[in-house]
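One structure below.
Please treat every number below as a calculation from the coordinates, not as lab data. It should be emphasised that the depicted structure is a prediction, and the values quoted were computed from it without experimental measurement. Positions of Cβ are backbone-derived with ideal geometry, glycine not excepted, and every protein chain shown enters the neighbour counts.
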C-alpha cells in the first residue's frame, strides 16, 4: 500500500481496542445488519507434510426489516474539460440529475465540476430544494484541461462538512481524459484514496470513453474501497449512476475491520486480491462499506502443518468489527475455523468446498491477467499473448472441473485479450475492459439479488 505499514498496523490495533468495548455477537452469529461466515477450502487436510489451504471470510449484509436506510452524504464530481463537450457532458448532467431521484430531502448532496480550475457547483446541502440543484447541474459547460486531483480534493472537502460515521459518505468521480493539471500519477491519486478511506469516504470512479487512465481510476477506487466502471458510450451513464446510487442507499454497515489470528501451527502466507497487513500470526484488513443482499470476502492463503489422521486442529480465530448503520452502534462478530487431518487424498478432494475453490481460481486468474497486462505495457507483446493464453487455459480447465460458468466466461475474456495485444487501437479498449474485470474480481463481492 502507499502508506506506512507500521502506522497502519497501529491504527488497526487502536480500532480493535475501541471495538472491544462494543457489542459482541457469538461465533458465526449475526446482528440485524451482518452475518459472519468463515469457511475452509476443505474441512479436511492431507496428513503429513505442511499443506497449503485457503480460509474464506465472508460478511453478508442483511436486508433490514423496514425500508429505512442510513442517510447519505454524496459528492458528485464531474469532468467538464474540453473533451467532454457535446454528448458526453449532456449525458453526464442527465445521469446526475436522474440519480438525485434516489435521494431523500435529509440526504446531503454536493456537486463539483473541474477543468483547468475546480468549481463548487452545489455546496454540500440537504436536498430540500431539488430544483435548484438540478438547475445548477444543468448550467455546467465544458472547456479547458483536466484538474482531476483538485476535483476529487474539492469534492472530499464538501463531504467533510457533514462527515458522520452514521452517514454513508461517498464520492462519485467521472472523467473522460488524462489528469493534466496538478498531481496526475496513479500513485498520487491512490495515496489520496488511502487518505479518504481513513476518513470513511469511498470513491467510485467512472472512466468514460477510451482516453482516460484506467490505472489511475482503478487505483483510486481500490484504495478507498469504492466501485469502478468503464463506460464506452455516454448514453450508458444513466444506468451506471443509478447502479452506484443503488449501492449507496443499500449500505447497512461501514468501517469494517477484520482481524484473523492464526493458530501456532498455521502460517499466513498472503491475502488474495486485497490489501492487508500480516504481522506474525495476525492478519488485518479493512472494507469501507457493506451493502444489504451482498456478501464481501477476504481470502487468506495459509500453510497448515497437520497432525496424525483424525486429529482436529484450530486454523484461525476471526473477529470483525464495524459500524451498524441501522442501530448507530459498533458491533463485533466472532467465528473460527478448524480442519481435520486425513490419510486419504481422495477424501480431501471429495470434501472440497466448491465455492471457495472457484473464488481461489478467480483471484489467481485475475493476478495472472494483471501480470500479462504488465508484459504488454512493457512492449513484450509475444510474452503477453502467451501469458493470456496460458491463463485462459488455466481458467477453462478449472471451469470444467468445478463446473462453473463464471470461470468459463473469464477464460473467454483472456483468450480475447490474447488476440488483441498485437493491435494498439484494439488493445487500448481491451485494456480498459480487462482492468474493470480484474478490479471487480479483486473486490470479491457477491450480490444475492438486484438492487
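Figures for the structure shown
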{"quantity": "Candidate set from region 112-152 (those that are assigned to a helix (DSSP H, G or I) and in contact with a strand residue (DSSP E or B) (Cβ under 7 Å, 6 or more places away or on another chain)); member that is surrounded by the fewest Cβ atoms within 10 Å (Cβ to Cβ)", "calculated": "136"}
{"quantity": "Filter result (touching a residue at least 40 places away in the same chain (Cβ under 8 Å) and more than 25 Å from the chain's Cα centre (by Cα)) within region 128-160", "calculated": "137, 138, 140, 141, 142, 143, 144, 145, 146"}
{"quantity": "Subset of region 374-398 that is over 23 Å from the mean Cα position of the chain (by Cα) and crowded, with 21+ Cβ neighbours inside 10 Å - its residue that is nearest to residue 361 (Cα to Cα)", "calculated": "398"}
{"quantity": "Answer residue from region 68-106, given it is within 24 Å of the chain's Cα centre (by Cα) and part of a loop (DSSP other than H, G, I, E, B) and is surrounded by the most Cβ atoms within 10 Å (Cβ to Cβ) among those", "calculated": "70"}
{"quantity": "Matching residues in region 246-270 - criterion: being under 14 Å from the mean Cα position of the chain (by Cα) and closer than 16 Å to residue 57 by Cα", "calculated": "256"}
{"quantity": "Qualifying position, being assigned to a helix (DSSP H, G or I), more than 15 Å from the chain's Cα centre (by Cα) and over 30 Å from residue 324 (Cα atoms), among 187, 177", "calculated": "187"}
